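See below for the structure under consideration.
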Amino acid sequence: MKGRYPIVLAPACYAVAPMQMNARFRGYLPVVLDLETGGFDRRVHAVLEVAALTLDMVDGRLSVAGRHHWAVTPHPDMAVEEASLRVTGIDLADPDRTAVAEALAVRELFQVVRAELKRHRCQRAIVTAHNAHFDHGFLLAAAERNGIKRNPFHPFSVMDTVGLAGVAYGHTVLGEACRRAGIAYNADRAHSAVYDAEVTARLFCQVVNANARLAGDSGCGQ
């Protein structure tokens with residue numbers, strides 16, 4: 001009978017502009033970091049190496065855009081454990097290491113990140129890493145002891161590939177998570193800030209891209 005049943009129209013397909021970085025992460029800018037350190041205690045141990053990878057969103061897909069690296073001279077007030085040097089393979093006496101002061105490394109990192117925030121029109125950067133609170137904590141401590149202000153990173157929130165990998169691939173160890181994700185992983189190169197940041201970025205991008213529909217659909221109502 002007329003008027004008894006509502007008329008349901010099939011959703012129309014329409015063009016949707018690819019999502020931009022600032023919309024995908026609610027105004028946050030993920031920056032993939034890896035810090036190699038002289039131990040596990042950010043109040044005691046030195047930062048030895050910093051790697052940062054910036055990201056781009058192209059046609060709605062996340063990918064690595066830029067790579068930055070600093071070998072760091074240990075802060076004179078901080079300790080370096082021999083066991084940490086054995087794990088990382090860092091030789092502090094290597095003349096080809098071209099290390100810079102911790103303060104300079106942190107300032108230059110923050111300059112890079114602030115430029116990326118402006119480029120993507122994001123409000124705040126967010127540390128993105130494997131066991132991210134470790135890297136986040138050491139970075140905050142380094143900035144504080146060097147009196148560096150205007151930290152562009154969120155003061156406590158992070159994006160951690162440990163949890164993402166656990167949900168997406170059923171494993172939290174970086175090497176095994178990469179293997180399950182089909183990402184090449186060389187254990188002999190692990191514990192280098194540059195290498196660990198690179199594979200972490202690939203893992204993060206893959207998880208984000210695989211879940212793009214959670215952030216915005218195609219416009220066809222499917």
Of the residues in the stretch 101-140 that are touching a helix residue (DSSP H, G or I) at 6+ places or on another chain (Cβ under 8 Å) and basic (K, R), the one that is nearest to D77 (Cα to Cα) is R124
Review point. Is it the case that some residue within the stretch 109-125 is at positive phi and modelled with pLDDT of 95 or more?
Key: yes
F25 passes all but one of the listed conditions (1) free of Cβ contacts under 8 Å to residues at least 40 places away in the same chain; (2) touching a Cys at 6+ places or on another chain (Cβ under 8 Å); the exception is number (1)
Among (1) in contact (Cβ under 8 Å) with a residue 40 or more places away in the chain; (2) at positive phi, T98 falls short only on (1)
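To keep it simple, each residue is scored yes or no on (1) exposed (fewer than 12 other Cβ atoms within 10 Å of the Cβ); (2) at pLDDT 95 or above; (3) aromatic (F, W, Y).
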{"site": "P152", "(1), (2), (3)": "no, yes, no"}
{"site": "P155", "(1), (2), (3)": "yes, yes, no"}
{"site": "T161", "(1), (2), (3)": "no, yes, no"}
{"site": "L164", "(1), (2), (3)": "no, yes, no"}
{"site": "G170", "(1), (2), (3)": "yes, yes, no"}
{"site": "A177", "(1), (2), (3)": "no, yes, no"}
{"site": "A184", "(1), (2), (3)": "yes, yes, no"}
{"site": "A187", "(1), (2), (3)": "yes, no, no"}
{"site": "H191", "(1), (2), (3)": "no, no, no"}
| message | Based on this model, can you work out whether L92 counts as assigned to a loop (DSSP other than H, G, I, E, B), aliphatic (A, V, I, L, M) and either touching a residue at least 24 places away in the same chain (Cβ under 8 Å) or closer than 21 Å to A141 by Cα (or both)? | response | yes
Pairing a residue in the stretch 30-51 that is assigned to a loop (DSSP other than H, G, I, E, B) with any residue that is at pLDDT 95 or above and among the acidic types (D, E), where Cβ atoms lie under 7 Å and the two sit 6 or more apart in sequence or on different chains, gives G38/E81; G39/E81
Restricting the stretch 158-193 to residues that are in contact (Cβ under 8 Å) with a residue 40 or more places away in the chain and not aliphatic (A, V, I, L, M), the one farthest from W70 (Cα to Cα) turns out to be T161
Listed by range, helices (runs of 4 or more DSSP H) wholly within the stretch 115-222 having at least 3 residues that are over 20 Å from A105 (Cβ atoms) are 161-169, 174-181, 193-210, 212-215
Exercise for the section: Go through the residues of the stretch 72-92 one by one and say whether even a single one is among the hydrophobic types (A, V, I, L, M, F, W, C), crowded, with 17+ Cβ neighbours inside 10 Å, touching a Gly at 6+ places or on another chain (Cβ under 8 Å) and farther than 20 Å from V208 by Cα. Expected result: yes
Is one or more of the residues making up the stretch 67-85 more than 25 Å from V162 (Cα to Cα) and modelled with pLDDT under 95?
no
| Restricting attention to the stretch 202-216, does a residue exist that is of a type in the set (D, E, K, R) and more than 19 Å from Q20 (Cβ to Cβ)? | yes
Going through the stretch 93-116 in order, the residues found to be surrounded by fewer than 18 Cβ atoms within 10 Å (Cβ to Cβ) and in contact with a Pro (Cβ under 7 Å, 6 or more places away or on another chain) are R114
Criterion first (within 15 Å of L48 (Cα to Cα), hydrophobic (A, V, I, L, M, F, W, C) and assigned to a helix (DSSP H, G or I)) does L104 satisfy it?
yes
Restricting the stretch 42-61 to residues that are of a type in the set (D, E, K, R) and buried (at least 21 other Cβ atoms within 10 Å of the Cβ), the one farthest from the chain's Cα centre (by Cα) turns out to be R42
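The values are calculated or read from the model by the stated rules, or taken from the named source; none is laboratory data. On a predicted model such as this, the values are computed, not experimentally measured, just so you know. Backbone-built Cβ (ideal geometry, glycine too); neighbour counts: all protein chains shown.
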